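Below you'll find the structure, written out as structure tokens, and then a few comments.
The values are calculated or read from the model by the stated rules, or taken from the named source; none is laboratory data. Predicted, not measured: the structure shown is a model, and the values here were computed from it. Counting neighbours? That spans all protein chains shown, and the Cβs are built from the backbone with ideal geometry, glycine included.
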2 protein chains.
Amino acid sequence: MTHDIEQKALARYLEAHGLKQTRQREVILEAFLEAGGHLTGEDLYQLIREEYPKIGYTTVYRTLKLFVEAEIAEERRFDDGVARYEIEHKHHDHLVCLLCGKIFEFESSVIEQAQREVADGLGFVIHRHRHELYGHCEECRQKKDDPAPGD
Amino acid sequence: MTHDIEQKALARYLEAHGLKQTRQREVILEAFLEAGGHLTGEDLYQLIREEYPKIGYTTVYRTLKLFVEAEIAEERRFDDGVARYEIEHKHHDHLVCLLCGKIFEFESSVIEQAQREVADGLGFVIHRHRHELYGHCEECRQKKDDPAPGD
DNA sequence: TTCGGTGCAAAAGATTTGCATATGT
DNA sequence: ACATATGCAAATCTTTTGCACCGAA
């Protein structure tokens, strides 16, 4: 079994909440984990369709929300306003290429520290944050012979 | 005239692009600047309606996009996925209170510097970014006797 | 057997578009 | 006059909901 941890997490969640283990939930979880993240509901629906054509649009959406409840997935929205889901793992931020759409992940303890200082200064308690850098990735820049903006 | 700078910026943009100065654009700009930012299309439409009832929904949306083109406004989306517009001014990031919805602004050169380092390390050129902290503001915490999450 | 789950179709909310009409330039 | 702008209604797009039927426990 490939994604043992998440599958067990889901089973545990369902159990604990009197919900049912269904074929759809299995299939959606498997496809979601397999694809590896940053998918929209639509993306996932299309993926699953291929191997399980009678699955409903609605079920995919509902199941994604379920995964968020079960803390298997996180919901994010980048600049297009569409909800995307990714596997919940260690906290990180994102770099999005404006040309090819690829999404990179990063983390920076310097930034985290600075965030806490900002929040403290305003009497604010941070629960979560969102931090996205948009630009051009190396590969795309090379393709287009696209220099840094200031050059 | 209260918002001279933006009004001139708009006039310049319209001129330069062969577009027209209309009563609606005036009214919308005035209302937008007056309100002071972080408004949705709906918000602004409702505001303007009071003093100019026959204005169309569509016109407000189109005009807001125009302001973005003219670099008078910026479009943002916080976690609810709805587009909000704010007056374009010095770069800054946001702190959003999850309880009362108030939006604070901040900037941190430490964070900006760290962003550049992250991007350099990945061969990425940043064009823009988005950085939002979500939490509870001081006022709301006092009202609810809500301590820091770790306490 | 009993709830919860699923799938369809329809609803909803935000935003955009088509089009005839109105209006700056 | 002519091109752009406006306002309405209708279309889109994404996501949610109502409801009859299905299926896991």
Give just the number: which of (1) within 15 Å of DNA strand D (Cβ to nearest atom); (2) surrounded by 17 or more Cβ atoms within 10 Å (Cβ to Cβ) does B:Phe106 not satisfy?
-> (1)
Working carefully through the options A:Phe67, A:Phe124, find the one that is under 27 Å from A:Arg25 (Cα atoms), crowded, with 19+ Cβ neighbours inside 10 Å and at pLDDT 90 or above.
-> A:Phe67
Answer yes if at least one residue in segment B:73-88 is within 10 Å of DNA strand C (Cβ to nearest atom), more than 14 Å from chain A (Cβ to nearest Cβ), among the acidic types (Asp, Glu) and in contact with a strand residue (DSSP E or B) (Cβ under 9 Å, 6 or more places away or on another chain), and no otherwise.
-> no
Those residues that are surrounded by fewer than 17 Cβ atoms within 10 Å (Cβ to Cβ), touching a helix residue (DSSP H, G or I) at 6+ places or on another chain (Cβ under 8 Å) and within 26 Å of A:His92 (Cα to Cα), I need them from segment A:8-42; list them, please.
-> A:Tyr13, A:Ala35
Touching a strand residue (DSSP E or B) at 6+ places or on another chain (Cβ under 8 Å) and either on the phi < 0 side of the Ramachandran plot or more than 10 Å from DNA strand D (Cβ to nearest atom) (or both) - does that describe any residue in segment A:16-26?
-> no
Only unsatisfied item for A:Glu132, checking (1) facing another protein chain (nearest Cβ under 7 Å); (2) assigned to a helix (DSSP H, G or I); (3) acidic (Asp, Glu), is (2)
Which numbered condition A:Leu99 fails, given (1) away from DNA strand D (no atom under 16 Å from the Cβ); (2) surrounded by 19 or more Cβ atoms within 10 Å (Cβ to Cβ); (3) among the aliphatic types (A, V, I, L, M) = (2)
Working carefully through the options B:Glu51, B:Glu71, find the one that is farther than 22 Å from A:Ala83 by Cα, touching a residue at least 60 places away in the same chain (Cβ under 8 Å) and more than 10 Å from DNA strand D (Cβ to nearest atom).
-> B:Glu71
Which of the residues belonging to segment B:84-104 are of a type in the set (Lys, Arg) and farther than 24 Å from A:His127 by Cα?
-> B:Lys90
Within the group A:Glu139, A:Glu105, which residue is more than 7 Å from chain B (Cβ to nearest Cβ) and under 13 Å from the mean Cα position of the chain (by Cα)?
-> A:Glu105
